[in-house]
Each structure stands twice: as C-alpha cells, then as structure tokens.
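Notes for the one structure printed next.
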Amino acid sequence: MNEEENSSTLKNLYKGGRIVGRANFVFTPELVTKIGVLHGSMFEENESIVFGRDYHNDSRMLKRGYSSGFMSTGVNLLNLSDCTFPLLQFTIRRFGASGGIYFSGGHLYSEDVGIRFLDAQGIEFSQPEIKKFISSYASYSEKIRRVEPNKIGRLTAIPQTEDIYIKSLQQFVSKKEIAEQNLKIVVDCSYGPTGKITPLLLNDLGVEAIALNTHYRQRGNPVPNIRTIRNTADIVKASNSHLGVCYDVDGSRVLIIDENGLEVSFEDLFMLFVSYEKRIQNSKGNPIITTNSVSSVVQEFIEDNGFPVKQVENFPGELSRQIRQQRACFAASDTLKFYFPQFAPISDGNFILLKTLEIMTQENDLLSSLTRGFPKGIKINKTIPVKSDSIDG
C-alpha cells in the first residue's frame, strides 16, 4: 500500500475526533506502525511518552505494532501495559511525560479499536490537531525521522503506578468518614482494567464491594450493555447494597444505580454534584462547563445556584481544554463524564464514584433521597429501527 492509499485509509478511520477502525482488516499492524513513526517524529529525540491499552487482544496487537514504529524515531515509551484511560492521563502528569497514547475497543462497535493521542497535560488532541496529523500522512516520507541503532528509543515498565494512583485518589475525599459509614456497593468492571484497581481502592476506604466482571474476556458484545446493567441492578437490590456502578471499558465514566436498582440520570448526578460537592459550592462565580445538549431545566438550576454556564461541543478533550481556559470549577457531559478540576481536568470513573460516596456520607442519606427534590424535565422515549450499516455512516 503506497502513501496515498495509506493517507486515504487513515482519513476513512477518522470518527468523532479519533482514529477508529476494525482491527486487522482496515486498521492493520502495518498501518499502525507507520502511525507510530509519524507520531514519534513529532517529538524531540530522547523525550518520553506514556502508552497503554485495554485488555483486548486487538488493542494489544496494535499497541505493539505502534511501539516498534515509535521507538524507531529515538523517543522513549513508558509502558503501562493494560490500564484504564484515567490512569494513563494521571501518569502523564505524574511523570512529566511529553504526551501519551491509548488503544481501546469502542463501546458501540464491538470489533473496532480506537487510538487516543494525548498532550503533556493528559488531554486528548483536539479535532484540528487530529486532522492535521492525518493530513501529514500524505507526505509521510518527508515527515518522519530515523535514528542510528544506538539511539533507538527505550521501552520502560513503570511498576507501582496503580498504587500511587490509588493513594492520590484517596487524598481528595474524606477517607475516615467514608470508612465509618459501612457502605456496601456493587461494581461491574466490564471486563476492563478497572477490575485491577477499583476493588483495591474501595477496600482501602473500608467500603464493602461486590465486584463483577473484573477479569479479561474477549468481547462478543459491547459492554456495559442492557443485560449487564440489569444484572448489576438486580444484585444491588438482592444484596441490600447502597448503590451500584457500571464502568465503561476504559474506566473514564460510570453509570450509577441507586439502592432501589434504578439508574440515576445524568441530570440528577449533575445537580447532585453542584448541590453537595463542597469545593464546587465554595467556587460560586466560577463557570461550569457542559455540553450543548444539556436541558434548560439543568442549566437554570446551575445558574440559580450561582454558577455561570458555558456550553461547548462534546469533542474529545474539549471540556478539559475549556476547564483550563475558563478556570472552571466543574464540568460535565451527557455521556456520563464528570470533571473535577481539583483532582485533574479529566473524567475519571473512580473519582466520580468516590465523590458520590463522599456526598452520601456527608449527608448521611441515600441517592434516591438526595436526588428526589431536583427539578425534572419532560422526556419522551421513542424507539427507531436503524440498520447496522447506517450507524457506520
């Protein structure tokens, strides 16, 4: 395949601000190796970036192809192996790396793998940056750098990173008070790397956890799905747990289920954090960032609480960039991502869970009660049949 054909293929893999495609057919090892060379050539020799992946074999294969191309440019790789996306973002900032890259299966397309490029702040590349990267592929031979064999980049493991991450998370919540509450929760880790972290995190906090799907299993269907969510809800009710959570495969967001086995909506969670999270409450006057699809009911609620609202398009990394530019105290997207800048300008499913537990502890109340009084918009649900080939468009 020549450079022109490769460039055309790469453009076809562009979906929603990321490079995404079916592994081993469209998104081939040969192509991802060249992506690694092109990406590595963007950095100075001997710089370092962090890279990681989810559990799945297609992500592992593409990550290895990428690493050989990247190291050929004389840039070093700090290897997290299998990890959550928020852990990779945390590690970039912790180690002062020049950037990062993450390979993960898509939620909607069960055979797709996506690449996420990150800057030195752990924030995803913007749409213009990704498009510029794809366009540069057309002049591949002019853009790349080769180094002498003795200058090839190093591949270095970084052990104990998960322990550092867990300890860091705990510093931002009332650990002692949470432990005294004797909480019990159900956690569905969706066969992702969250299964290595969240049970340990909750154990350290004194929270009893019923952990589901913590192991690796090659995906047949995207998870979480309606079956796994219902299963979690049933276990919450049967075990008299205080709440349940279903993680996304990369660990960046959670779906929260109350003690009655009912999903807590995005709007209710948004208003819960604005109403009860102390650092947000102490930042009145600072803007809150959200997406354009947020309802007018929620927007009015936030403004009535003393926070200006800035709405943006929900492109990869956009809310994180706006947090920094606007000095925002909080951000949320209707894809169940919540950003607490006091920890980092990113969405981290574990941090969202800890903040939820902290609010329940401080208010000594259950989620259903805490969210009952929030204003509700009018929702109309309608099922529309859609062919699978139409979704790809």
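How about the range 364-389: which of its residues are part of a helix (DSSP H, G or I) and at pLDDT 80 or above? Walk me through how you get there before you give the answer.
To start, the set of residues in the range 364-389 that are part of a helix (DSSP H, G or I) comprises 367-371, 388-389.
L367, S368, S369, L370, T371, listed by residue number.
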Report task. Output the number of residues of the range 340-364 satisfying the condition of being of a type in the set (S, T, N, Q) and under 14 Å from I257 (Cα atoms). Result -> 1
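This table checks each residue for (1) aliphatic (A, V, I, L, M); (2) more than 30 Å from Y191 (Cβ to Cβ).
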{"residue": "R253", "(1), (2)": "no, no"}
{"residue": "D268", "(1), (2)": "no, no"}
{"residue": "E277", "(1), (2)": "no, yes"}
{"residue": "G285", "(1), (2)": "no, yes"}
{"residue": "D304", "(1), (2)": "no, yes"}
{"residue": "V309", "(1), (2)": "yes, yes"}
{"residue": "F315", "(1), (2)": "no, no"}
{"residue": "C329", "(1), (2)": "no, yes"}
{"residue": "N350", "(1), (2)": "no, no"}
Report summary line: Of the residues in the range 15-30, those that are within 12 Å of M61 (Cβ to Cβ) and crowded, with 20+ Cβ neighbours inside 10 Å come to A23, F27
Query - Answer from D58, D54 - the residue that is assigned by TED's automatic domain parsing to the domain that holds A23, touching a strand residue (DSSP E or B) at 6+ places or on another chain (Cβ under 6 Å), among the acidic types (D, E) and surrounded by fewer than 24 Cβ atoms within 10 Å (Cβ to Cβ) - result: D58
Query raised in the report: Say we look at the range 286-313 and pick out the residues that are aliphatic (A, V, I, L, M) and free of Cβ contacts under 8 Å to residues at least 24 places away in the same chain; which of these is nearest to R327 (Cα to Cα)?
Result: V309
Requested in this report: Only residues in the range 257-268 that are under 20 Å from F338 (Cα atoms) count as the first member; pair them with residues that are among the aromatic types (F, W, Y) and in a loop (DSSP other than H, G, I, E, B), Cβ under 6 angstrom, at least 6 apart or cross-chain, and list the lot.
Outcome: D268/F374
Query raised in the report: Of all residues in the range 163-186, which are β-branched (V, I, T) and not in a helix (DSSP H, G or I)?
Result: V173, I185, V186
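Let's see how each residue does on (1) closer than 23 Å to F25 by Cβ; (2) touching a residue at least 60 places away in the same chain (Cβ under 8 Å):
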| residue | (1), (2) |
| --- | --- |
| L62 | yes, no |
| S81 | no, yes |
| T91 | no, yes |
| S104 | yes, yes |
| F125 | no, yes |
| I144 | no, yes |
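The values are calculated or read from the model by the stated rules, or taken from the named source; none is laboratory data. Just so we're clear, the structure is a prediction, and the values are computed from it rather than from any experiment. Because the Cβ atoms are built from the backbone with ideal geometry, glycine has one as well, and the counts that use them run over all protein chains shown.
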